[in-house]
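Here the structure comes first, spelled out in structure tokens, and everything after it is commentary.
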Amino acid sequence: MKNKYILLLIALALLTTLSITGQAQPPTPPARPGAGFALVELFTSQGCSSCPPADEVVAHIARLYPANVLVLSFHVDYWDRLGWKDAFSSAEYTRRQKQYAEVMGLTSIYTPQVILNGDKEFLGSDEKKLKEAINSGIAGVTAPPFAASAKNNDNKTVTVAYNRTAKDKTDLHIALVEIFAETAVKKGENAGRQLQHVNIVRALADAKRASGTTTLNIPAGLSAKDCRIIAFTQDPGTLHVTSATEIPIL
């Protein structure tokens, strides 16, 4: 009888241990990011059949990293002659991509391409590499933010006022982006597809002075609530991005 009682105690102890270890443990809190940031520039086109996966990746990234990570989708124009004209494309954005290629020593430009913080480039649909680069960026440090505000002018224009120190020799770029758009593509490599895009750059202004204002046009058919302002500073020689921020439109 005594042996049976001992065995019963052992069994109860084992059950208690299993019950404790089997309980759901509280999730490990995510690592806190540093004071860094990640500016994701995607060079894409509605005329490129390889681009929709990259558009989806950056849309997922924008949802996954609500802070410290800013996405800009630049639609280039060199696909426009191949069957479908991308309504968001601009020769200005193609020139920007070519400037990166020149500084980085690339022999050609391509889509979809991601440039991260102005100093890393890779295939835009490579989500694993993008996440690694983002995590590295937000773990670092950033330059002190500059003072800026954005004012909605009757849903026709947005005026951005900015103020930086006189010692800041970086170029300030101010982008007006359309938060979301969907397009039914009728021709070209993506004919028949319904494409979705996020943070489409609709206007880009360069501000080289320490302080001042610049006014950006809100595209026809949109209002201020459909847009956001993303501003970033960039070394004019290396093109490294030194700071980036979203400015609320008031």
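Test residue 228 against the stated conditions and say whether it is under 20 Å from residue 76 (Cβ atoms) and among the charged types (D, E, K, R). Taking the combined requirement at face value, the residue does not satisfy it. Condition check for residue 39 on (1) farther than 26 Å from residue 206 by Cβ; (2) touching a helix residue (DSSP H, G or I) at 6+ places or on another chain (Cβ under 9 Å); (3) modelled with pLDDT of 95 or more: one failure, at (1).
This table checks each residue for (1) within 24 Å of residue 62 (Cα to Cα); (2) in contact with a strand residue (DSSP E or B) (Cβ under 8 Å, 6 or more places away or on another chain); (3) touching a residue at least 60 places away in the same chain (Cβ under 8 Å).
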| residue | (1), (2), (3) |
| --- | --- |
| 168 | no, yes, yes |
| 179 | yes, yes, no |
| 195 | yes, yes, yes |
| 200 | yes, yes, yes |
| 220 | no, no, no |
| 226 | yes, yes, no |
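Between 75, 60, the distinction of being within 28 Å of residue 236 (Cα to Cα) and of a type outside the set (A, V, I, L, M, F, W, C) belongs to 75 only. Here residue 222 meets each of (1) of a type in the set (A, V, I, L, M); (2) more than 26 Å from residue 77 (Cβ to Cβ); (3) outside any strand (DSSP E or B) with one exception, condition (2). Per this entry, residue 130 is counted among residues that are hydrophobic (A, V, I, L, M, F, W, C), crowded, with 16+ Cβ neighbours inside 10 Å, farther than 20 Å from residue 177 by Cα and in contact (Cβ under 8 Å) with a residue 40 or more places away in the chain. Checked against (1) part of a strand (DSSP E or B); (2) under 19 Å from residue 153 (Cα atoms), residue 206 meets all criteria but (2). Check off (1) under 24 Å from residue 68 (Cα atoms); (2) among the aliphatic types (A, V, I, L, M); (3) out of contact with any Gly (no Cβ under 8 Å at 6 or more places or on another chain); (4) not in a strand (DSSP E or B) for residue 175 and give me the number that stays unchecked. The one condition residue 175 does not meet is (4). All of 16, 21, 44, 28 fail the test of being at pLDDT below 95 and surrounded by 10 or more Cβ atoms within 10 Å (Cβ to Cβ), apart from 16. Taking the criterion of being surrounded by 13 or more Cβ atoms within 10 Å (Cβ to Cβ) and modelled with pLDDT under 95, the residues of region 183-211 that qualify are 207, 210, 211.
Let's see how each residue does on (1) more than 16 Å from residue 53 (Cα to Cα); (2) more than 21 Å from the chain's Cα centre (by Cα); (3) in a strand (DSSP E or B):
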position	(1), (2), (3)
186	yes, yes, no
190	no, yes, no
198	no, no, yes
214	yes, yes, yes
230	yes, no, yes
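Considering only residues that are closer than 19 Å to residue 68 by Cα and surrounded by fewer than 16 Cβ atoms within 10 Å (Cβ to Cβ), which ones fall in region 212-245? Within region 212-245, just 240 meets the criteria.
The values are calculated or read from the model by the stated rules, or taken from the named source; none is laboratory data. Only a predicted model underlies this, so the values are computations on that prediction, with no experimental measurement involved. Cβ: placed from backbone, ideal geometry, glycine included. Neighbour counts: every protein chain shown.
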